[in-house]
Amino acid sequence: MGLLHVDTAVRRDGERLVADLSRDWEIWGPNGGYVSAIALRAAGAQVPAGHRPASLSVQYLGVGGFGETECRVTPVKQGRSAWLLNVEMIQAGKAFLQAQVWTVARDDGPRVAEAAMPEAPPHEGLKTFGQHVRDHYGDSAPDPHVFWRNIESKPIAWKPFDAPREARPATLTQWYSFPGFDAGGDPFCDFTQACVLIDTLIWPTHHSTKAEAPDYIAPSLDLAIWFHEPPAGAEWLLMDVVADTARAGLIHGRSRLWTDDGRLVATGGSNMLHTPRRG
C-alpha cells in the first residue's frame, strides 16, 4: 500500500529537484492525479515560507514511467503576496507533464462560506467498500487493483460487481480517505488529496452510469483545481462529482471536495479524450 505524503515527496539532488514515481499509484501508468500532486509539491518547494496553493493547471503531455523524475520549476511571477510557477516533469530529457501553480501568502479579505455541502449520510455509519466486498463475496472476494489499495471509500449505495448495469445520471457522492496520511502541516502536501481524487473519479463516474460498459477509454488531457481550504487533519473527505457532458471526442467532469464538518476544500475538473480500445 502506498502512502500519499511519502510517495509525492520531492528532494534535492544537487541543483535538481527530483521525485520517485511509485508503482503503488498505477492506473494506465502513473495515475495523473498522483503525478499532478508531485508537481504541486515541487512548486511548494520553491516558494517562500508562508505561501499556500491557490490553483493548479496541468497539461498531460504523455505517460511517465515509474522511477526517478526531474521536477523543473521556473518562477514566472514573484509578487509580494502571489507567485506563479511553471513546473515540468521530465524523464529521459522529455517532459510528460507541464503545470502552472499560483501560490499566495495572504490571509486578509472577505470570508464567505455560502457553498452548500451535498446531503450525504455521515461516514461513521457507513461500511467501507472493502467491507461490502468481503460481506458479499466472502473468501472469493477479488483483490483490489493496486491503486485502490491506497484509498478507502465508503459508498452511500453499493452494488456488487456482477449486478446488472443500468443507465443513471452521471453523478457520484461518496466518502474517501487516505489511510495513514499525514501532511505534517504542509498545505501543499495536504492538497495532494484533492489532486488525486478530482483527477481520478471523473472517469468511473462516467463509466459506471452507462447502461452498457463503454468500449473505450478516456485518458485525461488536463486537470484544473482551485484550492479553498486545506482539509487540515480531516480523515474522511466527501467527493461530489458530475460527468454530464460528452461530445466531439471529449468527456468533461467537475468535482467539489468537502471535509466532514462542511468546509469546501477544492473545486476542479478535467477534459478526457475519447479513445477506442486497441485490438
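The values are calculated or read from the model by the stated rules, or taken from the named source; none is laboratory data. Remember, it's a predicted structure, so these values are computed and weren't measured experimentally. Positions of Cβ are generated from backbone atoms using ideal geometry, with glycine treated the same way; all protein chains shown enter the neighbour counts.
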* To do: Kindly establish whether A157 is touching a Lys or Arg at 6+ places or on another chain (Cβ under 8 Å) and either outside any loop (DSSP other than H, G, I, E, B) or free of Cβ contacts under 8 Å to residues at least 60 places away in the same chain (or both).
  => no
* Write out, first by first residue and then by second, each pair whose Cβ atoms fall under 6 Å of each other, whose residues are 6+ apart or on separate chains, and whose first residue, in segment 163-183, is closer than 14 Å to R256 by Cβ while the second is charged (D, E, K, R). => T173/D240; W175/K154
* Structure fact -> A careful count of residues in segment 241-279 that are under 25 Å from F191 (Cβ atoms), surrounded by fewer than 19 Cβ atoms within 10 Å (Cβ to Cβ) and of a type in the set (D, E, K, R) gives 4
* Asked: Residues in segment 119-144 that are at pLDDT below 90 and not in a helix (DSSP H, G or I): how many?
  -> 4
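For (1) exposed (fewer than 15 other Cβ atoms within 10 Å of the Cβ); (2) aromatic (F, W, Y); (3) not in a helix (DSSP H, G or I), each residue gets a yes or a no:
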| site | (1), (2), (3) |
| --- | --- |
| R12 | yes, no, yes |
| A19 | no, no, yes |
| W28 | yes, yes, yes |
| Y34 | no, yes, no |
| I38 | no, no, no |
| R41 | no, no, no |
| Q46 | no, no, yes |
| A49 | yes, no, yes |
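It is to be established whether one or more residues within segment 60-80 are assigned to a strand (DSSP E or B), within 17 Å of V196 (Cα to Cα) and touching an Asp or Glu at 6+ places or on another chain (Cβ under 9 Å).
Step one: filter segment 60-80 for residues assigned to a strand (DSSP E or B), giving 60, 67-78.
Remaining after also requiring within 17 Å of V196 (Cα to Cα): 60.
This time we only want the ones that are touching an Asp or Glu at 6+ places or on another chain (Cβ under 9 Å), so: 60.
Among the residues of segment 60-80, at least one is assigned to a strand (DSSP E or B), within 17 Å of V196 (Cα to Cα) and touching an Asp or Glu at 6+ places or on another chain (Cβ under 9 Å), which makes the answer yes.
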* Asked: Here is a list of conditions, (1) outside any strand (DSSP E or B); (2) of a type outside the set (S, T, Y); (3) surrounded by 17 or more Cβ atoms within 10 Å (Cβ to Cβ), and P110 meets all of them except one; can you say which number that is?
  -> (3)
* Asked: Does L40 satisfy being in contact (Cβ under 8 Å) with a residue 12 or more places away in the chain, more than 25 Å from T275 (Cα to Cα) and more than 18 Å from the chain's Cα centre (by Cα)?
  -> no
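Could you check segment 81-98 and list, in sequence order, the residues that are exposed (fewer than 12 other Cβ atoms within 10 Å of the Cβ) and part of a loop (DSSP other than H, G, I, E, B)? Don't jump to the end; show me each part of the working.
We begin by selecting, within segment 81-98, every residue exposed (fewer than 12 other Cβ atoms within 10 Å of the Cβ); these are 92-94.
A92, G93, listed by residue number.
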* **Residue tally, condition in contact (Cβ under 8 Å) with a residue 12 or more places away in the chain, farther than 20 Å from T192 by Cα and part of a loop (DSSP other than H, G, I, E, B), over segment 231-279** => 3
